[in-house]
Amino acid sequence: MRLAVAERLIRLGARASVVTEALAAQGALGALIRRLYIGLRGPRRPRGPLPKDLAELLSTAHVRLQASIFLEDWSQLRRADVAPALALACAWEHLSGVCDPGSRHRLGLTPDHAWVVARAFEQGSIVRINCAGCRCNYFDVPVPHRSASLLWRIPTVPTLRSARCPHCSPARSEGVESGEGAPCTAHARKVSARAAAAQTVGARLRSAAPHALSELAQQYVWAEALFRAGARPPIVTRVTGLAMTDTLRRLFIEVVGRGPRQGALPQLGEHVIATYAGKLQASVVAVTAERLRQAGFRPAEMLLATWDAYRSLFGQSARFDINSVALLVRTRHHPDFTLVRCRACHSAYLELKLDMPGSQCPVCRELRHALLEAA
């Protein structure tokens, strides 16, 4: 979910530093967000610090109107316990939908500026003010000699810019000629602000559904799931196609709690099906993987689904770990193994190609033993 929100903010135009700060990302997630930014936006990054002077940032009525619409959504989403990054994405998308696309002043705020405004509102540097003229609420920087705690208790707070309320400021005060494509008038702005304030939290959260992840993010999600299941880094790099970078090493250490274990990986040989119990479990893994492959599953997704099915079926009696299962799901390409169809029970099982003439079905043998035990 955090990767989906990060990609959503990056596609909206937010900086990597803003996304990292909004998600409070550290370690592997912070490094992955920087990689995602390069993959989605390119290697070039915006330079320069974010604006710190709120009075300069909110110097025009047009920008203050957009900041008021954004902060109205932001405050309601935060009161509903929505995470800051998701609230930023939802409020920004709602603001971009409210603004007139035909105006040449369509958006005066960027997602980075919106994050600065939201953070200032959380810290009390921006407060909600009731205009003395139109009685509409808007957000602005308070007077320097008034404390923020006092401003929250006063229902109507006059400020130095109370005469330039964004709802009732004339359109010509922005230096824009009237006519087609001009910004909305004071009445239209008032109606737009009231309509935005009347939106419910549920309506603003309709766009909060998880978006589809990019290829790189999905590979790291699968890598984390494989690490949690006990897979070793060489198996994960082989299945997902990711290189063994510092980001993947950090992810392994954060998930497992230690560095990767050294030693040789398990091998696929005759010892795997030396016993009937081992042959039965290996056959279940191979047949399940083959069915998932025919259904169109990708390698990492197929391995995780096969592992879940195998563990749920055999439980504590499972003989193989996920590293051995990763080799068994590739028996289709192994030169020594093949799937054989039993003539009696029509079950498919794994067998060596050299032992096919005298092979015995492990499913039939287990059924005979079950019948004898029942008798």
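Quick notes
- Hits in the stretch 311-354 - residues which are touching an Asp or Glu at 6+ places or on another chain (Cβ under 9 Å), of a type outside the set (V, I, T) and within 13 Å of V287 (Cβ to Cβ): R332, F337, L339, A348
- Taken as a whole, the condition of being at pLDDT 85 or above, of a type in the set (S, T, Y) and surrounded by 14 or more Cβ atoms within 10 Å (Cβ to Cβ) applies to T306.
- Answer from V221, V256, V236 - the residue that is more than 17 Å from P299 (Cα to Cα) and β-branched (V, I, T): V256
Residue-wise test of (1) open to solvent by less than 10 Å² (accessible area, probe 1.4 Å); (2) among the hydrophobic types (A, V, I, L, M, F, W, C).
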position	(1), (2)
L12	no, yes
R15	no, no
T20	no, no
Q26	no, no
I33	yes, yes
L36	yes, yes
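- Residue satisfying all of: in the stretch 321-375; of a type in the set (D, E) and more than 29 Å from P234 (Cβ to Cβ); surrounded by the fewest Cβ atoms within 10 Å (Cβ to Cβ) among these: E373
- Matching residues, the stretch 104-150, being open to solvent by less than 30 Å² (accessible area, probe 1.4 Å), part of a loop (DSSP other than H, G, I, E, B) and either within 20 Å of P51 (Cα to Cα) or modelled with pLDDT of 75 or more (or both): L109, G124, I126, P142, V143
- Yes/no for T60 being open to solvent by 10 Å² or more (accessible area, probe 1.4 Å), in contact (Cβ under 8 Å) with a residue 24 or more places away in the chain and over 25 Å from R11 (Cβ atoms): yes
- Residue pairs meeting the criteria (Cβ under 8 Å; at least 6 apart or on separate chains; first within 13 Å of M1 (Cβ to Cβ) and modelled with pLDDT of 90 or more, in the stretch 216-230; second assigned to a helix (DSSP H, G or I) and open to solvent by less than 50 Å² (accessible area, probe 1.4 Å)): V221/L3; E224/L251; E224/V255
- Residue match in the stretch 72-83 (condition: part of a helix (DSSP H, G or I), more than 30 Å from T247 (Cβ to Cβ) and among the aliphatic types (A, V, I, L, M)): yes
- Taken over the stretch 288-316, residues that are more than 19 Å from V239 (Cβ to Cβ) and touching a residue at least 24 places away in the same chain (Cβ under 8 Å) amount to 2.
- Unique residue being modelled with pLDDT of 85 or more, open to solvent by 30 Å² or more (accessible area, probe 1.4 Å) and in contact with a Pro (Cβ under 7 Å, 6 or more places away or on another chain) when the list is L280, L313, L265: L280
- For first residues located in the stretch 259-272 and within 14 Å of R232 (Cβ to Cβ), partners that are open to solvent by 60 Å² or more (accessible area, probe 1.4 Å) and among the β-branched types (V, I, T) and lie 6+ apart or on another chain with Cβ distances below 8 Å form the pairs G259/I253.
The values are calculated or read from the model by the stated rules, or taken from the named source; none is laboratory data. Predicted, not measured: the structure shown is a model, and the values here were computed from it. Cβ: placed from backbone, ideal geometry, glycine included. Neighbour counts: every protein chain shown. In case anyone asks, the SASA skips ligands and DNA or RNA and just uses the protein heavy atoms, side chains included. Shrake-Rupley method; radii C 1.70, N 1.55, O 1.52, S 1.80 Å.
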